[in-house]
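Down below is the structure, laid out as C-alpha coordinates.
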Amino acid sequence: MRLIFILLTISVLCLGCPRGVNAQTCCSGGVPLSGNVGFPSGDKGLFQVQLDYDDNVLKTLKSGNDHLDDDARTRHTRSILFQTGYTFANKLSLDVLASYVWQERKIVQGTTRDVTRTAGLGDLTVLLKYKWLSLGQPEHTSITSAVGVKMPTGSSDLIRSNGLSVNADLQPGSGAWDGVFWTRIVHGLAKRPSMNMSSTMIFVLKGKNKDYLDVFTYRFGNEIQWHIGIADRLFLGKMIFDPSIQLRYRRAFRDRQDGFEIESTGGDWIMLNWDNRFWINNQLALHGGIEFPIYGRVNGTQLSPTYRLNFGIYLQLNVLKNKNQGIEF
(Lines give C-alpha, C1' and ligand atoms only; values in the text may rest on other atoms or scores of the structure.)
Protein backbone atom coordinates (compact mmCIF):
# COMPACT_ATOMS: atom_id res chain seq x y z
CA MET A 1 0.00 0.00 0.00
CA ARG A 2 2.89 2.36 0.74
CA LEU A 3 4.25 1.83 -2.79
CA ILE A 4 0.85 2.55 -4.35
CA PHE A 5 0.57 5.74 -2.28
CA ILE A 6 4.04 6.86 -3.48
CA LEU A 7 3.10 6.20 -7.12
CA LEU A 8 -0.12 8.18 -6.83
CA THR A 9 1.75 11.03 -5.13
CA ILE A 10 4.25 11.14 -8.00
CA SER A 11 1.35 11.23 -10.46
CA VAL A 12 -0.28 14.19 -8.73
CA LEU A 13 3.02 16.09 -8.56
CA CYS A 14 3.71 15.44 -12.25
CA LEU A 15 0.23 16.61 -13.12
CA GLY A 16 0.59 19.81 -11.17
CA CYS A 17 3.95 20.90 -12.56
CA PRO A 18 2.79 22.57 -15.83
CA ARG A 19 -0.07 24.63 -14.41
CA GLY A 20 1.79 27.88 -14.83
CA VAL A 21 1.81 27.58 -18.63
CA ASN A 22 -0.70 29.75 -20.47
CA ALA A 23 -3.33 28.83 -23.11
CA GLN A 24 -5.23 25.63 -24.16
CA THR A 25 -7.47 23.94 -26.69
CA CYS A 26 -11.15 24.48 -27.56
CA CYS A 27 -13.98 21.97 -27.23
CA SER A 28 -12.96 18.30 -27.37
CA GLY A 29 -14.08 17.97 -30.94
CA GLY A 30 -10.63 17.64 -32.41
CA VAL A 31 -8.51 14.64 -33.27
CA PRO A 32 -7.68 12.66 -30.08
CA LEU A 33 -3.97 12.23 -30.77
CA SER A 34 -2.31 12.90 -27.41
CA GLY A 35 -4.62 10.58 -25.49
CA ASN A 36 -4.00 7.61 -27.83
CA VAL A 37 -0.23 7.65 -28.30
CA GLY A 38 2.00 5.33 -26.24
CA PHE A 39 2.16 1.53 -26.44
CA PRO A 40 2.90 -0.65 -23.39
CA SER A 41 6.60 -1.33 -22.85
CA GLY A 42 8.00 -4.64 -24.10
CA ASP A 43 11.14 -6.70 -24.63
CA LYS A 44 13.84 -5.86 -27.15
CA GLY A 45 12.66 -6.56 -30.70
CA LEU A 46 8.95 -6.13 -29.95
CA PHE A 47 7.02 -4.72 -32.91
CA GLN A 48 3.49 -3.42 -32.26
CA VAL A 49 0.80 -2.19 -34.66
CA GLN A 50 -2.70 -0.94 -33.90
CA LEU A 51 -5.41 0.27 -36.28
CA ASP A 52 -8.38 2.04 -34.65
CA TYR A 53 -11.63 3.70 -35.64
CA ASP A 54 -12.45 6.54 -33.25
CA ASP A 55 -15.87 8.25 -33.16
CA ASN A 56 -16.14 11.37 -30.97
CA VAL A 57 -19.65 12.89 -30.63
CA LEU A 58 -20.42 16.31 -29.09
CA LYS A 59 -24.10 17.17 -28.61
CA THR A 60 -23.97 18.70 -25.12
CA LEU A 61 -24.01 22.50 -25.06
CA LYS A 62 -22.62 23.89 -21.81
CA SER A 63 -21.92 27.23 -20.21
CA GLY A 64 -19.40 26.68 -17.46
CA ASN A 65 -20.80 23.74 -15.45
CA ASP A 66 -24.37 24.27 -16.67
CA HIS A 67 -25.99 22.06 -19.29
CA LEU A 68 -28.03 24.23 -21.67
CA ASP A 69 -31.28 22.95 -23.17
CA ASP A 70 -30.24 23.53 -26.77
CA ASP A 71 -29.70 20.80 -29.36
CA ALA A 72 -29.26 23.07 -32.37
CA ARG A 73 -25.51 22.44 -32.59
CA THR A 74 -23.62 19.16 -32.97
CA ARG A 75 -20.01 18.18 -33.64
CA HIS A 76 -18.81 14.83 -34.94
CA THR A 77 -15.19 13.74 -35.39
CA ARG A 78 -14.38 10.38 -36.97
CA SER A 79 -10.77 9.27 -37.14
CA ILE A 80 -8.75 6.36 -38.45
CA LEU A 81 -5.75 6.05 -36.13
CA PHE A 82 -2.68 4.04 -37.14
CA GLN A 83 -0.02 3.51 -34.49
CA THR A 84 3.18 1.52 -34.74
CA GLY A 85 6.02 1.00 -32.29
CA TYR A 86 9.33 -0.80 -31.98
CA THR A 87 11.49 -1.61 -28.94
CA PHE A 88 15.14 -1.10 -29.86
CA ALA A 89 16.46 -2.15 -26.45
CA ASN A 90 14.80 -3.37 -23.26
CA LYS A 91 14.55 0.25 -22.08
CA LEU A 92 14.24 2.22 -25.32
CA SER A 93 11.36 2.29 -27.82
CA LEU A 94 9.80 4.52 -30.46
CA ASP A 95 6.07 5.00 -31.22
CA VAL A 96 4.51 6.75 -34.23
CA LEU A 97 0.84 7.74 -34.53
CA ALA A 98 -0.79 8.86 -37.79
CA SER A 99 -4.42 9.70 -38.52
CA TYR A 100 -7.02 10.41 -41.17
CA VAL A 101 -9.86 12.64 -40.00
CA TRP A 102 -13.45 13.46 -40.95
CA GLN A 103 -15.09 16.35 -39.07
CA GLU A 104 -18.61 17.74 -39.21
CA ARG A 105 -20.27 20.70 -37.51
CA LYS A 106 -24.02 21.10 -37.89
CA ILE A 107 -26.15 24.09 -36.83
CA VAL A 108 -29.93 23.89 -37.26
CA GLN A 109 -32.06 26.92 -36.41
CA GLY A 110 -35.65 26.68 -37.60
CA THR A 111 -35.54 26.09 -41.33
CA THR A 112 -31.91 27.22 -41.56
CA ARG A 113 -29.35 24.46 -41.70
CA ASP A 114 -25.60 25.08 -41.83
CA VAL A 115 -23.23 22.12 -42.21
CA THR A 116 -19.44 22.28 -42.40
CA ARG A 117 -17.53 19.13 -43.31
CA THR A 118 -13.78 18.59 -43.64
CA ALA A 119 -11.58 15.55 -44.26
CA GLY A 120 -7.90 14.86 -44.67
CA LEU A 121 -4.70 13.49 -43.22
CA GLY A 122 -4.10 14.57 -39.63
CA ASP A 123 -0.89 15.49 -37.85
CA LEU A 124 1.82 12.92 -37.09
CA THR A 125 3.01 12.22 -33.54
CA VAL A 126 6.39 10.62 -32.74
CA LEU A 127 7.27 9.52 -29.21
CA LEU A 128 10.67 8.31 -27.93
CA LYS A 129 10.23 6.32 -24.69
CA TYR A 130 12.70 5.24 -22.01
CA LYS A 131 11.92 2.81 -19.17
CA TRP A 132 13.98 4.12 -16.29
CA LEU A 133 12.58 1.94 -13.49
CA SER A 134 11.79 -1.77 -13.51
CA LEU A 135 11.23 -3.67 -10.26
CA GLY A 136 10.61 -7.36 -9.69
CA GLN A 137 11.35 -10.57 -11.56
CA PRO A 138 9.07 -10.93 -13.43
CA GLU A 139 8.47 -7.18 -13.55
CA HIS A 140 5.65 -5.94 -11.34
CA THR A 141 6.39 -2.18 -11.25
CA SER A 142 7.74 0.04 -14.01
CA ILE A 143 8.04 3.73 -14.83
CA THR A 144 8.47 4.81 -18.44
CA SER A 145 8.90 8.40 -19.63
CA ALA A 146 8.91 9.87 -23.11
CA VAL A 147 9.42 13.02 -25.11
CA GLY A 148 7.96 13.54 -28.53
CA VAL A 149 6.76 15.91 -31.17
CA LYS A 150 3.54 16.38 -33.09
CA MET A 151 4.35 17.39 -36.65
CA PRO A 152 1.99 19.61 -38.72
CA THR A 153 1.47 17.09 -41.52
CA GLY A 154 -2.29 17.71 -41.74
CA SER A 155 -3.96 20.51 -43.69
CA SER A 156 -4.78 23.65 -41.72
CA ASP A 157 -6.01 25.89 -44.55
CA LEU A 158 -9.07 24.10 -45.97
CA ILE A 159 -11.93 26.28 -47.21
CA ARG A 160 -15.65 25.59 -47.65
CA SER A 161 -17.32 25.11 -51.02
CA ASN A 162 -18.63 28.70 -50.79
CA GLY A 163 -15.08 30.02 -50.47
CA LEU A 164 -15.25 30.82 -46.74
CA SER A 165 -12.41 29.73 -44.47
CA VAL A 166 -12.84 26.84 -42.03
CA ASN A 167 -12.22 27.50 -38.33
CA ALA A 168 -9.01 26.14 -36.79
CA ASP A 169 -10.79 23.51 -34.67
CA LEU A 170 -12.39 21.96 -37.78
CA GLN A 171 -9.14 21.59 -39.71
CA PRO A 172 -7.53 18.11 -39.97
CA GLY A 173 -4.22 19.57 -38.77
CA SER A 174 -3.13 22.35 -36.43
CA GLY A 175 -0.46 23.95 -38.63
CA ALA A 176 1.96 23.94 -35.68
CA TRP A 177 4.71 21.88 -34.09
CA ASP A 178 3.86 20.66 -30.57
CA GLY A 179 6.01 19.16 -27.82
CA VAL A 180 4.70 16.03 -26.08
CA PHE A 181 5.84 14.90 -22.60
CA TRP A 182 4.58 11.53 -21.37
CA THR A 183 5.05 9.33 -18.27
CA ARG A 184 3.42 6.00 -17.38
CA ILE A 185 3.58 4.10 -14.09
CA VAL A 186 2.41 0.47 -14.00
CA HIS A 187 2.10 -1.56 -10.80
CA GLY A 188 1.08 -5.22 -10.73
CA LEU A 189 -0.88 -6.49 -7.75
CA ALA A 190 0.94 -9.16 -5.73
CA LYS A 191 -2.24 -11.02 -4.73
CA ARG A 192 -3.46 -11.16 -8.36
CA PRO A 193 -0.55 -11.12 -10.84
CA SER A 194 -2.88 -10.80 -13.84
CA MET A 195 -4.17 -7.42 -12.57
CA ASN A 196 -2.33 -4.10 -12.71
CA MET A 197 -2.90 -0.44 -11.89
CA SER A 198 -1.57 2.27 -14.17
CA SER A 199 -1.19 6.02 -14.19
CA THR A 200 -0.31 8.01 -17.32
CA MET A 201 0.49 11.72 -17.36
CA ILE A 202 0.60 13.69 -20.62
CA PHE A 203 1.52 17.32 -21.18
CA VAL A 204 1.32 18.85 -24.67
CA LEU A 205 3.04 22.18 -25.23
CA LYS A 206 1.29 23.69 -28.25
CA GLY A 207 3.10 25.63 -30.93
CA LYS A 208 1.92 28.49 -33.13
CA ASN A 209 0.34 28.40 -36.56
CA LYS A 210 1.76 31.65 -37.93
CA ASP A 211 -0.25 31.48 -41.15
CA TYR A 212 -3.82 31.04 -39.87
CA LEU A 213 -6.27 32.47 -42.44
CA ASP A 214 -3.13 33.87 -44.15
CA VAL A 215 -2.91 36.84 -41.74
CA PHE A 216 -3.28 35.61 -38.13
CA THR A 217 -1.20 33.64 -35.64
CA TYR A 218 -3.23 30.93 -33.91
CA ARG A 219 -2.18 28.81 -30.97
CA PHE A 220 -4.25 26.01 -29.49
CA GLY A 221 -4.03 25.94 -25.72
CA ASN A 222 -1.62 23.64 -23.89
CA GLU A 223 -3.10 20.39 -22.68
CA ILE A 224 -2.76 18.25 -19.55
CA GLN A 225 -4.12 14.73 -19.26
CA TRP A 226 -3.99 12.25 -16.39
CA HIS A 227 -5.20 8.69 -16.96
CA ILE A 228 -5.57 6.33 -14.00
CA GLY A 229 -6.97 2.84 -14.44
CA ILE A 230 -7.01 -0.82 -13.60
CA ALA A 231 -6.83 -3.81 -15.97
CA ASP A 232 -7.10 -7.56 -15.60
CA ARG A 233 -6.85 -10.76 -17.65
CA LEU A 234 -9.81 -13.15 -17.65
CA PHE A 235 -10.10 -16.67 -19.12
CA LEU A 236 -13.35 -18.08 -20.52
CA GLY A 237 -12.48 -21.57 -21.67
CA LYS A 238 -9.76 -21.06 -24.27
CA MET A 239 -10.72 -17.42 -24.82
CA ILE A 240 -8.66 -14.63 -23.24
CA PHE A 241 -10.08 -11.18 -22.42
CA ASP A 242 -8.31 -8.10 -21.06
CA PRO A 243 -10.98 -5.78 -19.59
CA SER A 244 -9.95 -2.37 -18.27
CA ILE A 245 -11.58 0.69 -16.77
CA GLN A 246 -10.01 4.11 -16.63
CA LEU A 247 -10.64 7.65 -15.44
CA ARG A 248 -9.21 10.37 -17.68
CA TYR A 249 -8.82 13.95 -16.50
CA ARG A 250 -8.19 16.53 -19.21
CA ARG A 251 -7.49 20.22 -18.82
CA ALA A 252 -7.43 22.34 -21.96
CA PHE A 253 -6.32 25.96 -21.60
CA ARG A 254 -7.76 28.71 -23.80
CA ASP A 255 -6.66 29.15 -27.40
CA ARG A 256 -4.98 32.37 -28.45
CA GLN A 257 -5.18 34.38 -31.65
CA ASP A 258 -2.46 37.00 -32.15
CA GLY A 259 -1.68 36.66 -28.44
CA PHE A 260 -5.25 37.30 -27.22
CA GLU A 261 -7.21 34.58 -25.42
CA ILE A 262 -10.36 33.26 -27.09
CA GLU A 263 -13.07 33.12 -24.42
CA SER A 264 -15.14 30.08 -25.40
CA THR A 265 -12.27 27.62 -25.68
CA GLY A 266 -10.80 25.16 -23.20
CA GLY A 267 -12.10 23.65 -20.00
CA ASP A 268 -11.85 20.67 -17.65
CA TRP A 269 -13.28 17.18 -18.11
CA ILE A 270 -13.30 13.87 -16.28
CA MET A 271 -14.11 10.96 -18.55
CA LEU A 272 -14.89 7.33 -17.71
CA ASN A 273 -13.50 4.84 -20.21
CA TRP A 274 -14.28 1.11 -20.46
CA ASP A 275 -12.36 -1.09 -22.89
CA ASN A 276 -12.16 -4.82 -23.54
CA ARG A 277 -9.53 -6.67 -25.56
CA PHE A 278 -10.15 -10.16 -26.99
CA TRP A 279 -7.09 -12.19 -27.99
CA ILE A 280 -7.49 -14.26 -31.15
CA ASN A 281 -4.06 -15.76 -30.46
CA ASN A 282 -0.99 -14.67 -28.51
CA GLN A 283 -0.13 -12.03 -31.12
CA LEU A 284 -3.43 -10.70 -32.49
CA ALA A 285 -6.27 -9.04 -30.60
CA LEU A 286 -9.51 -7.14 -31.21
CA HIS A 287 -10.65 -4.40 -28.86
CA GLY A 288 -13.56 -2.04 -28.36
CA GLY A 289 -14.52 0.58 -25.81
CA ILE A 290 -16.72 3.50 -24.89
CA GLU A 291 -15.96 6.75 -23.08
CA PHE A 292 -18.38 9.29 -21.63
CA PRO A 293 -18.07 12.34 -19.35
CA ILE A 294 -18.86 12.25 -15.64
CA TYR A 295 -17.81 15.89 -15.17
CA GLY A 296 -17.33 18.82 -17.51
CA ARG A 297 -16.67 22.54 -17.08
CA VAL A 298 -16.08 24.64 -20.17
CA ASN A 299 -14.83 28.18 -20.55
CA GLY A 300 -17.59 30.41 -21.88
CA THR A 301 -20.26 28.57 -23.88
CA GLN A 302 -19.35 25.66 -26.13
CA LEU A 303 -20.12 22.09 -27.07
CA SER A 304 -18.83 19.45 -24.69
CA PRO A 305 -18.28 15.68 -25.26
CA THR A 306 -21.35 13.44 -25.13
CA TYR A 307 -19.71 10.06 -25.83
CA ARG A 308 -16.82 8.50 -27.71
CA LEU A 309 -16.52 5.04 -29.29
CA ASN A 310 -13.27 3.34 -30.18
CA PHE A 311 -12.55 -0.09 -31.65
CA GLY A 312 -9.77 -1.70 -33.61
CA ILE A 313 -7.20 -4.44 -34.11
CA TYR A 314 -3.81 -4.91 -32.43
CA LEU A 315 -0.81 -6.99 -33.50
CA GLN A 316 2.38 -7.72 -31.59
CA LEU A 317 5.35 -9.87 -32.49
CA ASN A 318 8.98 -10.06 -31.47
CA VAL A 319 11.01 -9.53 -34.62
CA LEU A 320 14.14 -11.06 -33.09
CA LYS A 321 12.48 -14.17 -31.64
CA ASN A 322 10.28 -14.74 -34.71
CA LYS A 323 12.90 -13.97 -37.34
CA ASN A 324 12.43 -17.31 -39.05
CA GLN A 325 8.87 -17.95 -37.94
CA GLY A 326 5.50 -16.81 -39.19
CA ILE A 327 2.56 -15.64 -37.11
CA GLU A 328 0.82 -18.58 -35.48
CA PHE A 329 -2.98 -18.78 -35.75
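The values are calculated or read from the model by the stated rules, or taken from the named source; none is laboratory data. As the structure is a prediction and not an experimental result, all values here were calculated from the model. Positions of Cβ are backbone-derived with ideal geometry, glycine not excepted, and every protein chain shown enters the neighbour counts.
Before moving on, here are some points about what is shown:
- Count of the range 149-172 residues which are farther than 13 Å from THR118 by Cα and either touching a residue at least 60 places away in the same chain (Cβ under 8 Å) or outside any loop (DSSP other than H, G, I, E, B) (or both): 3
- Residue within the range 205-228 that is within 22 Å of PRO40 (Cα to Cα), out of contact with any Leu (no Cβ under 7 Å at 6 or more places or on another chain) and of a type in the set (A, V, I, L, M, F, W, C) present: no
- Scoring ARG297 on the criteria (1) more than 23 Å from SER199 (Cβ to Cβ); (2) over 16 Å from the mean Cα position of the chain (by Cα); (3) touching a residue at least 60 places away in the same chain (Cβ under 8 Å) leaves a single failure, condition (1).
- Residue count for the range 173-204, restricted to those that are out of contact with any Leu (no Cβ under 8 Å at 6 or more places or on another chain) and outside any strand (DSSP E or B): 6.
- Candidates are the residues of the range 202-217 that are at pLDDT 95 or above and aliphatic (A, V, I, L, M); the one that is surrounded by the most Cβ atoms within 10 Å (Cβ to Cβ) is VAL204.
- Complete set of residues in the range 36-77 that are buried (at least 21 other Cβ atoms within 10 Å of the Cβ) and under 24 Å from SER134 (Cα atoms): VAL37, GLY38, PHE39, SER41, LEU46
- Members of the range 86-110 found to be under 16 Å from the mean Cα position of the chain (by Cα) and crowded, with 16+ Cβ neighbours inside 10 Å, listed by number: ASP95, LEU97, ALA98, SER99, TYR100, VAL101
- Residue list for the range 226-248, filter: in a strand (DSSP E or B) and either on the phi > 0 side of the Ramachandran plot or of a type in the set (Lys, Arg) (or both): ARG248
- Scanning the range 198-233 for residues that are among the aliphatic types (A, V, I, L, M), farther than 16 Å from PHE181 by Cα and in contact (Cβ under 8 Å) with a residue 24 or more places away in the chain yields LEU213, ILE228, ILE230, ALA231.
- For the range 164-211, a tally of residues being over 20 Å from TYR249 (Cβ atoms) and touching a helix residue (DSSP H, G or I) at 6+ places or on another chain (Cβ under 6 Å) returns 0.
- Near pairs, Cβ below 8 angstrom, 6+ apart or cross-chain, from the range 266-280 (more than 14 Å from TYR307 (Cβ to Cβ)) to any residue that is outside any strand (DSSP E or B) and of a type in the set (Val, Ile, Thr): GLY266/THR25
- Any chance ILE240 is farther than 17 Å from ASN167 by Cβ, touching a residue at least 60 places away in the same chain (Cβ under 8 Å) and of a type in the set (Val, Ile, Thr): no
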